[in-house]
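Written below as structure tokens is the structure these notes are about.
The values are calculated or read from the model by the stated rules, or taken from the named source; none is laboratory data. From a predicted model like this one, the values you see are computed outputs, not experimental measurements. Ideal geometry is used to build each Cβ from the backbone, glycine not excepted, and the neighbour counts take in all protein chains shown. In case anyone asks, the SASA skips ligands and DNA or RNA and just uses the protein heavy atoms, side chains included. Shrake-Rupley method; radii C 1.70, N 1.55, O 1.52, S 1.80 Å.
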Amino acid sequence: MKHFLKENRGFIAFLVCFGFFRLAIADWNPIPSGSMRPTLLEGDVVLVNRVAYDFKLPLTDAAVFHTGTPQRGDVVTFNSPKDGTRLIKRLVAVPGDVVALRDGLLTINGERAAYDSVHSAREPLDGGASTVALQATERLSGSSRTVQFLPEVSALRNWGPVVVPQDQYFFLGDNRDNSADSRYIGLVPRHLLIGQAHHILVSAAIKDDWLPRLERFAQRIQ
């Protein structure tokens, strides 16, 4: 064993540094579901900045110190407060905000989001079926993103109003009628936030022919 360690100490040091980097600094996250469509697609792999908000001890939720403040509009990976599953959603309400949904339309602090550039599309469903989708640019509180509604799908479209408590956050999927987000799993405490997703690293059409989607490589997440 001593001989092995001596002969391979450079490689072992690399593995240790790489492991620390991925656990504490940056990570990548594959997208397995359509809850963030059309922003993120199944088969995208996103790059996550683990120190965007907190520097944590590796393999724990214990923050050593804060490095930034989560902002409305950020796309964030976090551990579900319901069952610990790693999720990725859009941060739409921060501590102190009053958040509500009425007929699927988002309201923050009494201000209703504006929706423009509305157009129709088809949303794939399991089993090869599809349904009507309405995509629009949602603008609120100085941020904007493309969101999607599925009018033929049963979903929770009325929620709140609720005041977001200190150190908790309210998340929605951009695919508003097909997302297990804070409407279902509850508000997310800060210590469960993992990091901010900022770029698509690589992408492949895993629901189709598995070919790479080269146009999505290195694309910034809006």
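Any idea which residue in region 102-112 is nearest to the chain's Cα centre (by Cα), counting only those that are in a strand (DSSP E or B) and under 20 Å from Gln168 (Cβ atoms)?
Leu106
Residues of region 123-132 being open to solvent by less than 50 Å² (accessible area, probe 1.4 Å), under 23 Å from the mean Cα position of the chain (by Cα) and without any contact (Cβ under 8 Å) to a residue 40 or more places away in the chain, which ones?
None - no residue of region 123-132 is open to solvent by less than 50 Å² (accessible area, probe 1.4 Å), under 23 Å from the mean Cα position of the chain (by Cα) and without any contact (Cβ under 8 Å) to a residue 40 or more places away in the chain, so the list stays empty.
Quick check on region 154-172. Is at least one of its residues in contact (Cβ under 8 Å) with a residue 60 or more places away in the chain and within 17 Å of Arg37 (Cβ to Cβ)?
yes
Within the group Gly84, Gly34, Gly68, which residue is part of a loop (DSSP other than H, G, I, E, B), surrounded by 15 or more Cβ atoms within 10 Å (Cβ to Cβ), of a type outside the set (Ser, Thr, Tyr) and under 18 Å from the mean Cα position of the chain (by Cα)?
Numbers: Gly84 fails: surrounded by 15 or more Cβ atoms within 10 Å (Cβ to Cβ); Gly68 fails: surrounded by 15 or more Cβ atoms within 10 Å (Cβ to Cβ).
Result: Gly34 is the single residue among Gly84, Gly34, Gly68 that is part of a loop (DSSP other than H, G, I, E, B), surrounded by 15 or more Cβ atoms within 10 Å (Cβ to Cβ), of a type outside the set (Ser, Thr, Tyr) and under 18 Å from the mean Cα position of the chain (by Cα).
Give Val153, Val118, Val98 a once-over and let me know the one that is in contact with a Gly (Cβ under 9 Å, 6 or more places away or on another chain), open to solvent by 30 Å² or more (accessible area, probe 1.4 Å) and aliphatic (A, V, I, L, M).
Result: Val98 is the single residue among Val153, Val118, Val98 that is in contact with a Gly (Cβ under 9 Å, 6 or more places away or on another chain), open to solvent by 30 Å² or more (accessible area, probe 1.4 Å) and aliphatic (A, V, I, L, M).
Every residue, every condition in (1) free of Cβ contacts under 8 Å to residues at least 24 places away in the same chain; (2) among the basic types (Lys, Arg); (3) closer than 21 Å to Asn175 by Cα, yes or no:
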{"residue": "Thr67", "(1), (2), (3)": "yes, no, no"}
{"residue": "Arg72", "(1), (2), (3)": "no, yes, yes"}
{"residue": "Val75", "(1), (2), (3)": "no, no, yes"}
{"residue": "Arg86", "(1), (2), (3)": "no, yes, yes"}
{"residue": "Leu91", "(1), (2), (3)": "no, no, yes"}
{"residue": "Gly96", "(1), (2), (3)": "no, no, no"}
{"residue": "Ala100", "(1), (2), (3)": "no, no, yes"}
{"residue": "Ala114", "(1), (2), (3)": "no, no, yes"}
{"residue": "Ala121", "(1), (2), (3)": "no, no, yes"}
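Criterion first (out of contact with any Leu (no Cβ under 9 Å at 6 or more places or on another chain), in contact (Cβ under 8 Å) with a residue 24 or more places away in the chain and more than 28 Å from Thr67 (Cβ to Cβ)) does Thr146 satisfy it? Even if it seems obvious, please write down each step before you answer.
Values: out of contact with any Leu (no Cβ under 9 Å at 6 or more places or on another chain): yes; in contact (Cβ under 8 Å) with a residue 24 or more places away in the chain: yes; more than 28 Å from Thr67 (Cβ to Cβ): yes.
Yes, satisfied.
Can you pull out the residues in region 47-65 that are assigned to a strand (DSSP E or B), at pLDDT below 90 and among the hydrophobic types (A, V, I, L, M, F, W, C)?
Start the filter on region 47-65 by keeping residues that are assigned to a strand (DSSP E or B), which leaves 47-49, 54-56, 63-65.
With at pLDDT below 90 added as a condition, the list becomes 55-56, 63-65.
Those that are assigned to a strand (DSSP E or B), at pLDDT below 90 and among the hydrophobic types (A, V, I, L, M, F, W, C): Phe55, Ala63, Val64, Phe65.
Going by the conditions given, is Ser179 polar (S, T, N, Q) and open to solvent by less than 40 Å² (accessible area, probe 1.4 Å)?
Judged against the criteria, Ser179 is a match.
Please go through region 103-123 and give me each residue that is in contact with a strand residue (DSSP E or B) (Cβ under 8 Å, 6 or more places away or on another chain), under 14 Å from Pro151 (Cα atoms) and of a type outside the set (S, T, N, Q), ordered by number.
Result: Gly104, Leu105, Val118, His119, Ala121, Arg122, Glu123.
Restricting attention to region 183-222, and to residues there that are within 12 Å of the chain's Cα centre (by Cα) and among the polar types (S, T, N, Q), which single residue is surrounded by the fewest Cβ atoms within 10 Å (Cβ to Cβ)?
Going through the qualifying residues, I end up with Gln222.
Among the residues of region 71-81 satisfying the criterion of being open to solvent by less than 50 Å² (accessible area, probe 1.4 Å) and part of a loop (DSSP other than H, G, I, E, B), which is nearest to Ser179 (Cα to Cα)?
We begin by selecting, within region 71-81, every residue open to solvent by less than 50 Å² (accessible area, probe 1.4 Å); these are 73-80.
Those left that are additionally part of a loop (DSSP other than H, G, I, E, B): 73-74, 80.
On the way: Gly73: 16, Asp74: 17, Ser80: 13 Å.
My answer is Ser80.
For region 159-176, state whether one or more residues are open to solvent by 70 Å² or more (accessible area, probe 1.4 Å), at negative phi and of a type outside the set (S, T, N, Q).
Scanning region 159-176, I find at least one residue that is open to solvent by 70 Å² or more (accessible area, probe 1.4 Å), at negative phi and of a type outside the set (S, T, N, Q), so the answer is yes.
Residues that are touching a His at 6+ places or on another chain (Cβ under 9 Å), at least 1 per element: which strands (runs of 3 or more DSSP E) completely within region 119-181 meet that?
130-140
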